[in-house]
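Here's the structure we're looking at; comments come further down.
The values are calculated or read from the model by the stated rules, or taken from the named source; none is laboratory data. The shown structure was predicted, so the numbers you read here are calculated from the model rather than taken from an experiment. Note that each Cβ is placed from the backbone with ideal geometry, even for glycine, and that neighbours are counted across all protein chains shown.
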Amino acid sequence: MVRHAVLQLAPEKGQITRNLARLGQALEAIAEDRPDVVVLPEAYPTAYFLQGGVRELAMTAAELEERLSELHARVWEGPLDLVIGFYELDEASGDYYNTAAYLELGGRGLIHRHRKVFLPTYGVFDEERYLSRGHSVEAFETRFGKAAILICEDFWHSITATIAALDGAEVIYVPSASPARGFDQARPQNARRWRTLAESVAGEHGVFVALASLVGFEAGKGMSGYSLVASPEGKILAEAPGFEEAALVVDLDLERIPPVRYENPLLADLKTGLGLLWNDLERVKERL
Amino acid sequence: MKKIYGLPGGETLELDLAATANFLVRFIQKELAWRGYEKALVAVSGGVDSATTLALAARALGPEKVHAVALPHKESSPESLAHARLAAEAFGVGLEVIDITAMVEGYAQQRPDITPYRKGNVKARARMIVLFDLSMAYHALPLGTGNKTERLFGYFTWHGDDAPPINPLGDLYKTQVWALAEHLGVPEEIVNKPPTADLEPGQTDEADLGLKYARADVILEHYLKGYPDAYIERLGYAKEEIRRVKELVNKTHYKRHLPTVAVVSNTAIHEFYLRPLDFRIEL
């Protein structure tokens, strides 16, 4: 069992110090549950909509690691793994990314970085104006098993989770920031779609999905929340309410993955069958 | 064999009213909080938009944290003030009445050529002046009350009724505001009366606009989403109505923006230098 805590928090725009202090309080509040892994939303230290302010508020992965290590030493006993979305400055290239880091605090430190590949630049979103695209999706080893990170729109393309699962991920972490829209039902349309996606991706590949979704208002845009954890059968194990801060504490039983996949061997089938479609993938890629 | 017919799909203006109300309540709470306000100020005209805004504000902050103010002019319909009182009573908010006649007439007397239309704009801007002064006096944030339909049509006085810094109803069409008003318990007399700006005697919105809200809102939603005219016509709307909607939207884009600035640099505000309005950094 790997105990996870998904923290659905509402950061204050641009107030990195205060938001990290708030994270410290949230960690203290869940300390008695002794989570092994804590998952935070996209762009947590700064909030999501920054426009050109990304340049003023982005930090390097080393800076993030330093600040989180300091926080960890102050509020936590023992090691803690943390998944957190943030705006990253790559000092070598001077490029900015929408990144999520996996850190083993009190251990190996930063062990993986996923840079968002699919930058929404339509409707209310304008990411590619300010950010560079990542260009890779890969699974990585944690001290508990194999995981992958996809950020927000990355997860709306089923191919990214497919790559992660084929690469061996047992858990897919999804930090997101999703402004609510479509109020024709009790739960806004975007949140309904998130739930459907999580259920279907988890069920298709026999993986756990942990979605940490931002809350708070950003100049009229209400970040919807509804964070969740889905099981390898595609069942929702825990779900946060909309629009308010919440913590989900869920034990992920990774030993259940083999029996669940045995019963529903879609991933194994894909591994075998993918080659049959390779020519078609090449063909459609050529036409793009 | 059982035959099942599918729904045609399509755009909907239907709202889950409870969810929408909860969201707007939260919007008011949060947008006040980061600006450092605990109280709100609503100019109540007697119409459905401001009554609905008042209902949301009272629910968000508690009626004791909401100031309602009616701003009649001697030419205003007495019904407007009566309905403003009705709205304030319905939501347990105290109503202050400040007559703007002296302000408006003080200026109008110096301009004997003033037309009813121009004077209507002066009234709206006089109300804005009072609202912002009371905001400072009470440390209460003014709430805008304009709905999406009138915002899209430019059917408001620029730098008048569009001036308040936050607006809970600005993304709801008029017909959606009516539904929300009923849900929130806005008195029937207010919901059911013909909408009017009451800036000129006998005025109604639908006569001014030459359109019915119930029809205009559906046309707007399709037009904004990029449906071609022929598609909207097939839904049962006349060419002339569609043309009128597009005309009103397209002659008023400037009213939904800040004033035009001559761009001479690579740091022109809102053109190159882009920050969201809630952006702030630690210093």
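Entry remark, the stretch A:248-288: residues being surrounded by 12 or more Cβ atoms within 10 Å (Cβ to Cβ) and not in a helix (DSSP H, G or I) number 8 in total.
One line per residue, one yes/no per condition, for (1) of a type in the set (Gly, Ala, Ser); (2) surrounded by fewer than 21 Cβ atoms within 10 Å (Cβ to Cβ); (3) at pLDDT 95 or above:
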position: B:131; (1), (2), (3): no, no, yes
position: B:145; (1), (2), (3): no, no, yes
position: B:174; (1), (2), (3): no, no, yes
position: B:208; (1), (2), (3): no, yes, no
position: B:216; (1), (2), (3): yes, no, yes
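Of the residues making up the stretch B:34-60, just one is in a helix (DSSP H, G or I) and either of a type in the set (Phe, Trp, Tyr) or at positive phi (or both), namely B:34. Taking the criterion of being of a type in the set (S, T, N, Q) and either crowded, with 20+ Cβ neighbours inside 10 Å or touching a residue at least 24 places away in the same chain (Cβ under 8 Å) (or both), the residues of the stretch B:1-30 that qualify are B:20, B:29. Within this structure, residue A:44 fails the test of being in contact with a Lys or Arg (Cβ under 6 Å, 6 or more places away or on another chain) and either within 23 Å of residue A:125 (Cβ to Cβ) or surrounded by fewer than 18 Cβ atoms within 10 Å (Cβ to Cβ) (or both).
So for the stretch B:31-50 (the condition being out of contact with any Leu (no Cβ under 7 Å at 6 or more places or on another chain), at pLDDT 95 or above, within 14 Å of chain A (Cβ to nearest Cβ) and buried (at least 16 other Cβ atoms within 10 Å of the Cβ)), does at least one residue qualify? Yes, there is a match, as at least one residue in the stretch B:31-50 is out of contact with any Leu (no Cβ under 7 Å at 6 or more places or on another chain), at pLDDT 95 or above, within 14 Å of chain A (Cβ to nearest Cβ) and buried (at least 16 other Cβ atoms within 10 Å of the Cβ). Within the stretch A:43-76, the residues that satisfy the criterion of being among the aromatic types (Phe, Trp, Tyr) and closer than 18 Å to residue A:132 by Cα are A:48, A:49. When the stretch B:131-151 is limited to residues that are of a type in the set (A, V, I, L, M, F, W, C) and without any contact (Cβ under 8 Å) to a residue 60 or more places away in the chain, the one that is nearest to residue B:223 (Cα to Cα) turns out to be B:132.
Selection over the stretch A:1-40 of residues that are surrounded by fewer than 20 Cβ atoms within 10 Å (Cβ to Cβ), within 10 Å of another protein chain (Cβ to nearest Cβ), part of a loop (DSSP other than H, G, I, E, B) and out of contact with any helix residue (DSSP H, G or I) (no Cβ under 8 Å at 6 or more places or on another chain) gives a count of 1. Residue B:217 satisfies every condition listed in (1) in contact (Cβ under 8 Å) with a residue 60 or more places away in the chain; (2) out of contact with any helix residue (DSSP H, G or I) (no Cβ under 9 Å at 6 or more places or on another chain); (3) of a type in the set (Asp, Glu) except (2).
A quick yes/no check of all residues on (1) within 13 Å of chain B (Cβ to nearest Cβ); (2) at negative phi; (3) not charged (D, E, K, R):
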position	(1), (2), (3)
A:42	no, yes, no
A:56	yes, yes, no
A:62	no, yes, yes
A:71	no, yes, yes
A:76	no, yes, yes
A:79	no, yes, yes
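Here residue B:271 does not qualify as within 14 Å of chain A (Cβ to nearest Cβ) and outside any loop (DSSP other than H, G, I, E, B).
Being surrounded by 13 or more Cβ atoms within 10 Å (Cβ to Cβ) and of a type in the set (Asp, Glu) is a property that residue A:245 has. Here the condition is being within 19 Å of residue A:149 (Cβ to Cβ) and either within 14 Å of another protein chain (Cβ to nearest Cβ) or at pLDDT 95 or above (or both); of A:229, A:249, it holds for A:229 alone. Looking across the stretch B:6-30, just one residue is among the acidic types (Asp, Glu) and more than 9 Å from chain A (Cβ to nearest Cβ), and that is B:11. When the stretch A:159-192 is limited to residues that are away from chain B (no Cβ under 12 Å), outside any strand (DSSP E or B) and small (Gly, Ala, Ser), the one that is surrounded by the most Cβ atoms within 10 Å (Cβ to Cβ) turns out to be A:164. For the stretch B:97-181, the helices (runs of 4 or more DSSP H) that sit wholly inside it and include 3 or more residues that are out of contact with any helix residue (DSSP H, G or I) (no Cβ under 7 Å at 6 or more places or on another chain) are B:101-108, B:116-138. Scanning the stretch A:267-288 turns up no residue that is within 14 Å of chain B (Cβ to nearest Cβ) and either modelled with pLDDT of 95 or more or within 25 Å of the chain's Cα centre (by Cα) (or both). None of B:31, B:11, B:75, B:79 is over 21 Å from residue B:167 (Cβ atoms) and part of a helix (DSSP H, G or I) except B:79.
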